Amino acid sequence: MTLQENLQLGDSCPTDVNDAEPVGIVYDPSASINQTRDLYPFESVIEVHNVEINYLSRIQMPNEVFVTTALFKESDADNVKVFVETYLHNNQAVLFYYLIFTDGQQYDNLWPNIYSPKLVWCCSITDNNVWALREACAKANSLTIEYCGRRTRQFNRAGQINRSHRYTEKKLRLVRLQRIYTEELEKSMELDRKPNI
């Protein structure tokens, strides 16, 4: 039996998902993304895994939940579907997932209905999937901001001001990243609106 077969999928989620810290994670087996460029401004808070067993082990970690994007440059829809059904959809620790694969756009209407509510969207591999990746990162960041807010309130009520302060600082840092993302997205959308001359 391989290590992969020994993974106990779906058992890592805490009993109360609201107590679990959301983690943004990208699975990129072909190592095709440049984390600094492609995930900006979230490159410091999003994990990228290129080795399947490391990725699968990571999404089983206790006391965390995951928003994940899987980028399959060399897989067809049948292989992606097997991966989704085996490792993502029934894994309680995976809150949401996004799929980028060769013919993903063809499945964007069908699969999110089948795998609702966890699968947010599918898109096809293009020369520039940057904004698709960043959108998924922004979702993970937003959920972590909410988590930090809950933890801040919880520690304030308990009189644990130092712990509350740490979560407030983390939330502030993540809010700043979200603002940068929104500003960059707005600039990109404005450029896309301009007619080509």
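The values are calculated or read from the model by the stated rules, or taken from the named source; none is laboratory data. Every value quoted in this text rests on a predicted model; they were computed, and no experiment measured them. A quick note on method: Cβ atoms are made from the backbone with ideal geometry, for glycine too, and the neighbour counts reach across all protein chains shown. Note: areas computed on protein heavy atoms with side chains; ligands, DNA, RNA excluded. Shrake-Rupley method; radii C 1.70, N 1.55, O 1.52, S 1.80 Å.
I'd like the antiparallel share, as a percent to the nearest 5, of DSSP beta bridges with both residues in the chain.
0
If I ignore ligands, DNA and RNA and count only protein heavy atoms, how much of Trp131 is accessible to a 1.4 Å probe, in Å² to the nearest 10?
It works out to around 70 Å².
Return one whole number: the accessible area per residue of region 34-107 in Å², for a 1.4 Å probe. Walk me through the numbers before you get to the answer.
Details: 3300 Å² over 74 residues.
Per residue, region 34-107 has an accessible area of 45 Å².
Among rounded, prolate and oblate, which fits region 106-152 when a ≥ b ≥ c are the square roots of the eigenvalues of its C-alpha gyration tensor, a/c under 1.5 means rounded, and a/b larger than b/c means prolate?
Details: a/c = 6.64, a/b = 1.60, b/c = 4.15.
Taking the square roots of the gyration eigenvalues as a ≥ b ≥ c, region 106-152 is oblate.
Quantify, in whole percent, the carbon and sulfur part of the accessible surface of the chain (1.4 Å probe; protein heavy atoms only).
Details: 5250 of 10930 Å².
Accessible surface attributable to carbon and sulfur in the chain totals 48 percent.
From the square roots a ≥ b ≥ c of the eigenvalues of the alpha-carbon gyration tensor of region 26-149, which class results: rounded (a/c under 1.5), prolate (a/b over b/c), or oblate?
Working: a/c = 1.37, a/b = 1.15, b/c = 1.20.
It comes out rounded by the Cα gyration axes.
Listed highest first by mean packing, meaning other Cβ atoms within 10 Å per residue, what order do 181-189, 94-102, 37-45 come in? Don't skip to the answer; put the middle values down first.
Working: 181-189: 12.7, 94-102: 23.3, 37-45: 17.3.
Highest mean packing first, the order is 94-102, 37-45, 181-189.
Can you list the lysines whose alpha carbon is less than 24 Å from that of Lys187, not counting same-chain residues fewer than 8 positions off?
Candidates past the 8-residue exclusion: Lys139.
Nearest 500 deg cm²/dmol is fine: what mean residue ellipticity at 222 nm does the chain get from its DSSP H runs of n ≥ 4 alone, each adding -39,500 (n - 2.57), divided by its residue count?
Values: 7 runs with 87 residues, N = 197.
It comes out at -14000 deg cm²/dmol, rounded to the nearest 500.
Please give me the summed charge of the neighbours of Met189: other residues whose Cβ is under 14 Å from its Cβ, Lys and Arg +1, Asp and Glu -1.
-2
Going by a ≥ b ≥ c, the root eigenvalues of the Cα gyration tensor, does region 101-193 fall in the rounded group (a/c under 1.5), the prolate group (a/b larger than b/c) or the oblate group?
oblate
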